Amino acid sequence: MIEIRFHGRGGQGAVTSAELLALAAISEGKYAQAFPSFGPERRGAPVVAFCRVDDHPIRLRTNIYSPDLVVVLDPSLLRLINVAAGLKENGVLITNTKFTSEEIKERLGIKQTLATINANKIALEELGLPITNTTMLGSLLNARQVVHPDSLIGPLEKRFGRIADKNIRAFRRAFAETVILN
Amino acid sequence: MARSEEDLKWKDLETGCVVSDAGNASQYRTGDWRSLLPVWDKTKCIRCGVCFLFCPDAAIRKTSEGYFEADLYYCKGCGICVQECVTGCITMVEEEE
Amino acid sequence: MNKKVGIEVSLAAADAIKMANVDLIAAYPITPQTHIVEHLSELVANGELDAEFIPVESEHSALSVCIGSSAAGARTFTCTSSQGLALMNEIVFIAASLRLPIVMILANRSLSGPLSIWNDHTDVMSIRDSGWIQVFTENGQEVFDHVFFAFRVAENPKVSLPVIVNLDGFILTHVIEPIQYWDQEAVDKYLPDFKPVNTLNPDAPVTMGAFAMPGIYTEAKKAQDEALIKSKPEIIKAWKEMGKIIGRNYSPVETNQIKGAETVFLTMGSMGETVSIAVDKLRAQGQKVGQVKIRLWRPFPVEEFRKAVRNVKNIIVIDRALSFGGQGGPVAGEIRSVLYDEENRPLITNFICGLAGRDVTTDNFIDMYEMSLKMAGDKSKEEDYVMYGVRE
């Protein structure tokens with residue numbers, strides 16, 4: 001089972017990221033769960049969302065405390081929250097940042113693999129908005145192939161309709177441009 | 001005639017305690033509640049029907065001559081007809097012992 | 001059978017209500033039930049579901065409308081949570097006594113105060129004794145399946161009682177997971193048209209909801225109690241029929257790794273899944289532990305439960321509500337009562353946990369297991385129950 005925790009701010013689409021990934025996994029015949037950190041929606045407040053993917057039915061109904069992957073949608077969260085909390089030793093932290101992966105790794109002081117992407121830049125160029133949820137999914141799949149990247153196209157098209165193409169471009173670019181630092 | 005509740009066992013009750021013989025309240029002899037009986041003085045009665053309209057139990061009926069009288073099966077002897085009568089032609093009389 | 005689709009459980013539940021071809025929905029939105037009702041109102045507005053959607057001004061009105069609708073012979077649905085159920089309260093009891101086959105999905109949530117929107121079982125326990133059939137579900141698939149089950153059982157003329165399908169708020173309502181939809185044909189086969197026992201019909205008038213004098217009220221309640229108790233074989237039959245169609249088998253009391261188990265966890269609702277992982281872990285350590293789950297809460301499956309725990313020495317009862325000033329949680333009280341007359345009755349330890357959405361992990365359950373081995377049968381202990389994880 002792969003467990004993923006998404007960090008974002010209310011309104012940035014962290015929950016959507018988790019949902020799209022689960023839908024892609026289910027479309028591949030896998031089992032998956034996506035759920036928000038339950039509570040009232042508060043735009044701008046730090047939020048987390050969770051996703052589990054497995055080849056077997058998932059029976060766990062708790063929050064995720066030791067994720068395999070952590071995805072940070074908003075770089076300003078890096079100094080607010082211990083985003084790496086509980087991250088498995090062989091896990092990967094995937095973050096949106098304009099800094100180099102070496103700088104981030106030193107700043108966070110983590111031993112795990114780090115994947116970085118300037119998602120704000122990609123999102124601004126492709127979508128015209130700094131909404132990075134679909135962009136960060138590309139980066140996530142570069143770091144670990146939880147699902148085949150093509151499996152996300154269907155869920156992206158269904159969710160975004162006429163602006164799906166822009167999101168798919170952002171997703172594909174992030175998949176290609178992500179930098180991995182072991 | 002509806003059965004008295006004392007005769008009913010739980011198995012006799014219909015699903016949801018529905019009363020399927022609708023209107024069976026008319027079988028209830030409320031006339032037994034009466035200790036005073038309304039009596040009309042035809043010499044004063046103008047046959048206006050105010051007593052008929054005001055009777056809360058619809059227990060006043062019209063006679064073939066157009067006067068009014070109490071239906072003793074239902075009349076509880078409340079005296080509202082006396083209160084409302086325009087000419088004061090109704091009086092409450094004690095029931096016989 | 002259809003392929004599994006990824007969908008939020010609330011939306012799947014609403015789709016199931018649509019597939020059940022409901023005639024009337026009266027509901028008032030409340031977290032965490034909202035997505036179910038929103039989606040139903042969309043389906044009606046889009047013309048995908050030919051039903052009346054009555055957006056009432058309160059839950060009290062919602063269930064009142066449902067009573068009128070069901071009494072007129074319409075297939076009727078409502079959905080609520082927590083404070084909404086509390087506001088419905090007087091009508092909840094009336095619906096059952098009128099034997100009206102209304103179906104309610106209850107997205108379980110704590111009751112205020114303090115104000116809380118998160119999941120536990122306080123709401124349903126407040127109407128435990130209302131006379132509704134009450135079932136619990138563990139995951140989205142079970143919710144979906146139980147929509148059809150609920151209408152089939154409720155509308156069965158031998159039952160004619162309202163049914164509550166409990167699902168844990170947020171933990172189930174807000175999760176996206178794979179759910180296998182039924183074919184519409186299968187639904188239509190499983191769920192015949194509603195033929196009410198009594199209806200409000202001007203051509204054959206009846207009185208519903210008449211008052212009862214002390215001379216008949218006891219008989220009325222006895223008849224109601226018998227109706228609920230006698231619904232059990234019909235409930236079991238409905239599950240068996242469903243099993244034949246979809247291959248998933250449900251029963252009033254379900255067990256996991258019960259063979260050779262000396263200690264069992266007892267749960268209701270979605271926690272059963274997490275407990276099953278704790279049981280796997282404990283079994284791997286050689287512990288003789290298993291699991292019992294109550295799916296049918298009312299009518300309580302007394303015989304099935306006694307049979308399930310016949311060879312068990314110790315039961316860990318997980319309660320997600322508290323009976324203030326009583327002896328722990330409502331489930332534990334029930335279990336003690338059911339087992340009191342048994343010759344070899346097991347010991348019972350009662351943990352109150354998962355109140356208002358507090359997460360309970362597999363490690364927590366393993367911890368409770370270890371605590372329970374120490375506590376069970378310890379006459380010197382001061383409390384009959386433990387509020388697990390409370391900060392002292």
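The values are calculated or read from the model by the stated rules, or taken from the named source; none is laboratory data. This structure is a prediction, so every number in the text was calculated from the model and none was measured. Note that we place each Cβ from the backbone using ideal geometry, even for glycine, and neighbour counts take in every protein chain shown. Please note that ligands, DNA and RNA were not included when accessible areas were found on the heavy atoms of the full protein model with its side chains. Shrake-Rupley method; radii C 1.70, N 1.55, O 1.52, S 1.80 Å.
Note: relative contact order over chain B, using C-alpha pairs below 8 Å and six or more positions apart, is 34 percent.
Roll a 1.4 Å probe over the protein heavy atoms and report the accessible area of C:Val165 in Å², nearest 10. Accessible surface of C:Val165 is approximately 0 Å².
From the square roots a ≥ b ≥ c of the eigenvalues of the alpha-carbon gyration tensor of segment C:28-150, which class results: rounded (a/c under 1.5), prolate (a/b over b/c), or oblate? Verdict is rounded for segment C:28-150. So what's the angle, to the nearest 10 degrees on a 0 to 90 scale, between helix C:9-19 and the longest Cα principal axis of chain C? Approximately 40 degrees, to the nearest 10. Treating cross-link reach as a plain straight distance, find the lysines whose alpha-carbon is under 24 Å from the alpha-carbon of A:Lys88, omitting any fewer than eight places away in the same chain. Excluding near neighbours in sequence, the set is A:Lys30, A:Lys105, A:Lys111, C:Lys281.
For the pair segment C:324-374 / segment C:4-83, the C-alpha centres are spaced 35 Å from each other. What is the calculated FRET efficiency for C:Asp183 to C:Leu373, with r their C-beta to C-beta distance and R₀ = 56 Å, to the nearest 0.05? E between C:Asp183 and C:Leu373, to the nearest 0.05, is 0.70.
A simple spin-label model places pseudo-atoms 7 Å from Cα toward Cβ; at B:Leu72 and C:Val5 they are separated by 7.5 nm.
Spin-label pair C:Lys230-A:Arg107: with each label point 7 Å from Cα along the Cα-Cβ axis, the two points sit 7.3 nm from one another.
Compared with the dominant Cα axis of chain C, that is its longest principal axis, helix C:82-97 is turned about 70°.
The distance separating the Cα centre of segment C:84-106 from that of segment B:53-97 comes to 44 Å.
Each Lys and Arg contributes +1 and each Asp and Glu -1, all at the Cβ; summed about the Cα centre of the protein assembly as shown, the dipole is approximately 2020 debye.
Note on C:Asn344 and C:Glu90: the extension gain reaches 87.4 nm, defined as 0.36 nm multiplied by sequence separation minus the Cα-Cα distance. Mean partner shielding of peptide A:30-39, defined as the number of other chain Cβ atoms within 10 Å of each residue Cβ, is 6. Annotation: lysines with alpha-carbon distance below 20 angstrom to C:Lys381 (same-chain offsets under eight excluded): C:Lys313.
Working from label points 7 Å from Cα in the Cα-to-Cβ sense, the B:Asn24 to A:Val179 distance is 8.8 nm.
Projecting the Cα atoms of C:Tyr250, B:Cys81, C:Val312 onto the dipole axis of the protein assembly as shown, where Lys and Arg carry +1 and Asp and Glu carry -1 at the beta carbon, places C:Val312 farthest toward the positive end.
Partners of C:Lys232 within straight-line reach, counting lysines whose Cα lies under 22 Å from its Cα and excluding those fewer than 8 residues away in the same chain: B:Lys11, C:Lys158, C:Lys189, C:Lys195, C:Lys221, C:Lys222, C:Lys240, C:Lys244, C:Lys293, C:Lys307. Once the Cα atoms are used to define both axes, helix C:214-246 deviates from the longest principal axis of chain C by about 80 degrees.
Projecting the Cα atoms of A:Asn90, C:Val187, C:Leu296 onto the charge dipole of the protein assembly as shown, computed from C-beta unit charges around the Cα centre, puts A:Asn90 farthest toward the positive end.
Taking a ≥ b ≥ c as the square roots of the eigenvalues of the alpha-carbon gyration tensor, chain A is classed rounded because a/c is under 1.5. Given R0 = 51 Å, the distance between the Cβ atoms of C:Lys237 and B:Lys42 translates into a calculated FRET efficiency of 0.10.
Assuming a ≥ b ≥ c are the square roots of the Cα gyration tensor eigenvalues, decide whether segment C:112-220 counts as rounded (a/c under 1.5), prolate (otherwise, with a/b larger than b/c) or oblate. Because a/c hits 1.5 or more and a/b fails to exceed b/c, segment C:112-220 counts as oblate.
Distance between Cα centroids, segment A:79-126 to segment C:121-179: provide it in whole Å. That distance is 43 Å. Per-residue shielding of C:176-182, expressed as the average number of other chain Cβ atoms within 10 Å of the residue Cβ, stands at 5.
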